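This report concerns only the one structure given below.
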Amino acid sequence: MGKVFIVIGVVFIVIGLIWSLFGKLPGDVSFKKGPVTVYFPIMTSIIVSVVLTLIFLVKCDRARIGASHGY
């Protein structure tokens, strides 16, 4: 059980590092008024969505092919 938490923690750290690299893309909107800043990472969210969709499509396709071939 402890190894699972370590793996989850490492995954979150990697995601955070990647997010900080891509966090200010053109298309991300931010508003600043006085001490308040509101940030909408629209383009970053779209890119993350497309990448995750492609990963899950490939994974599901491989699972379906493996099931049909008896693997």
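The values are calculated or read from the model by the stated rules, or taken from the named source; none is laboratory data. As the structure is a computational prediction, the values presented were derived from the model and not from experiment. Please note that ligands, DNA and RNA were not included when accessible areas were found on the heavy atoms of the full protein model with its side chains. Shrake-Rupley method; radii C 1.70, N 1.55, O 1.52, S 1.80 Å.
Restricting to the range 1-42, and then to whatever is part of a loop (DSSP other than H, G, I, E, B) and not aliphatic (A, V, I, L, M), can you tell me which residue is most open to solvent (accessible area, probe 1.4 Å)? My answer is LYS24. Could you list, in sequence order, all residues of the range 1-26 that are within 15 Å of ILE46 (Cα to Cα) and β-branched (Val, Ile, Thr)? Correct list: ILE18 only. Any residue at all in the range 13-25 that's under 17 Å from the mean Cα position of the chain (by Cα) and modelled with pLDDT of 85 or more? Scanning the range 13-25 turns up at least one residue that is under 17 Å from the mean Cα position of the chain (by Cα) and modelled with pLDDT of 85 or more.
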